[in-house]
1. Quick check: pseudo-label points 7 Å beyond the Cα along Cα→Cβ at Glu87 and Lys281, how many nm apart are they?
2. Considering only the other residues whose Cβ falls under 12 Å of the Cβ of Arg399, what net charge follows from Lys and Arg at +1 and Asp and Glu at -1?
3. Read phi for every residue in the range 142-150 and hand back ³J(HN,Hα) as whole Hz from Karplus 6.51 cos²θ - 1.76 cosθ + 1.60, θ = phi - 60°, with x for Gly and Pro.
4. Using 7 Å Cα-to-Cβ label points, what is the Thr397/Ser53 separation (nm, one decimal)?
5. Using θ = phi - 60° and the Karplus relation 6.51 cos²θ - 1.76 cosθ + 1.60, list the HN-Hα couplings for the range 396-409 in order, rounded to whole Hz, with x at every Gly or Pro.
6. So for Ser365, Ser257, Ser393, Ser109, fewest C-beta neighbours within 10 Å to most, what's the order?
7. Residues with beta-carbon under 14 Å from that of Lys409, excluding Lys409: net charge, scoring Lys, Arg +1 and Asp, Glu -1?
8. At a Förster distance of 30 Å, what's the computed FRET efficiency of Glu74 paired with Asp247, Cβ-Cβ distance as r, to 0.05?
Amino acid sequence: MTFDLSDMIRIFNLKQALNGGEFNTSSLESDFLKFSGNAKKNTLTVKLPKLYSIEGEEIKHVSEALKILKSKKEVPKAIDIAGDFLENDNSDAFILVSNEQLNADHLSSTRSYINPLIERVYVEGESIIKDFAIYESLVGRVECWRDNLNLKEIHLFPEQFKSGPYTLTINLDTPQETLKNFRELETTLNKGRENAKKSVLDLQFNDEIVSKGLLLRKKLGSLSRYNVPDEKTFTVETNSCVLKDEDKTSFYLYNSSTKQNILIYFGKEPFVKAYEPENLKILNGEEHQKTLVELMKEGLFKPSRQVLKERIKSLENMYQTALRSGKIKIDDQESNLKPLIERLNSIDIYFKTVVNEQSRITYASKLSPELLEFLLCPQTDDPVIHELLPMLSWNKTLREYQNTNQFIKRFEIVSPEKKTEIIKSIPSSIIFSHQQNNNVNTWLYMNHKQDCENAGVTFSIYK
């Protein structure tokens with residue numbers, strides 16, 4: 001099966017083009033509003049991704065890949081386009097078993113940053129997957145680089161960090177290193193051809209060739225059917241990448257307009273004090289208001305009147321519904337909904353009068369975080385930026401819900417009563433649909449559906 005680049009983009013519906021490109025900011029606002037409309041009350045939405053089912057010999061192939069990755073997880077029933085699966089403990093790994101895997105979706109939005117690399121692997125590595133994944137899975141780990149510095153080692157060598165876009169790389173091979181062995185056999189044969197007379201009489205040399213050849217033939221059949229796989233590192237340049245370890249999640253961004261590198265971290269501080277990279281703006285995700293304002297000043301988010309007007313309209317509908325149902329009275333002094341609408345309307349009047357974007361940013365940066373959240377829109381089509389917005393919410397419950405790994409760890413150890421409390425708190429904190437965390441929702445649906453229903457929370461399923 002052959003896929004060209006247009007097929008790839010159509011199938012993936014990728015948010016990020018391989019080599020960047022122009023985008024329409026007004027269109028971004030419209031698209032953002034389409035997927036961030038009102039959320040249904042007491043309902044968690046679940047987008048069940050299309051996955052690739054693991055069957056037959058592929059079960060063994062994936063099992064061997066998990067051993068190489070030192071994973072303690074059992075072989076999943078299905079995997080996504082790059083080999084991810086529920087409760088995977090290797091967020092930086094690829095497991096490829098078939099070109100047909102290309103038709104699967106992403107399981108987790110957190111891995112959306114690797115979209116360009118996935119595209120590169122399936123386009124340039126199509127023959128490798130077709131020829132060798134039948135016999136073993138192909139496996140590798142994604143590495144994130146800035147120039148010659150592996151970002152996993154940035155805390156060790158902060159002085160080596162240089163400004164610029166990031167590079168994602170991956171090397172693929174089978175668990176038994178079949179591609180490497182194939183290349184070594186070809187190298188050995190080429191040496192023999194260079195001095196054929198001497199090689200014919202060299203018993204040790206010939207035994208080595210026969211041994212390597214028989215081992216590969218037993219696994220692959222006739223070797224003449226294959227092209228010798230090149231030793232290839234799949235590489236792509238990107239403006240964002242995400243690194244996860246046990247104590248933190250790090251979002252690395254690059255603003256190509258201002259030439260500024262940015263790190264937003266959630267969890268443990270990444271650097272020893274006084275040993276921080278000079279060319280990297282470091283923001284603590286827990287300091288949500290400061291971080292959100294800084295990202296707005298960097299031009300990654302912008303205050304949008306179009307978004308603000310839609311939010312006001314949504315809140316007015318909520319207020320009118322509450323009045324009609326008797327949940328609030330017209331003279332209710334305790335409800336914050338009407339004062340909120342009035343305050344947002346005053347902001348809209350300012351935006352209507354002041355069209356200069358820098359003046360709007362200065363004005364918005366002085367607003368409380370509760371208000372700021374109602375008027376921001378991502379200024380880029382990068383899915384990582386879209387994912388960050390709800391993670392920086394002023395609402396603590398929403399922020400905890402957006403931190404998928406920490407949410408799951410906490411949920412699993414608390415009492416049944418606390419589980420019920422957490423479940424009930426989620427939909428009450430979600431106002432707009434873009435605040436739904438599909439990773440958490442899917443996990444709750446798969447593992448705690450009855451607990452959720454007992455707490456009065458239902459699921460709306462999309463495929």
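Bear in mind these aren't lab numbers, they're just calculated from the coordinates by the rules spelled out. Quick caveat: nothing in here was measured; it's all calculated off a predicted structure. So basically every Cβ, Gly included, is an ideal-geometry build from the backbone, and we count neighbours across all protein chains shown.
1. 4.1
2. Computed value for this residue: -3.
3. My calculation for the range 142-150 gives 6, 10, 10, 10, 10, 6, 9, 9, 6 Hz in order.
4. About 4.0 nm separates the two model spin labels.
5. 4, 4, 5, 5, 5, 5, 6, 8, 4, 4, 5, 4, 5, 4
6. In increasing order of surrounding Cβ atoms, one gets Ser257, Ser365, Ser109, Ser393.
7. -2
8. Efficiency computed from Cβ-Cβ geometry: 0.70.
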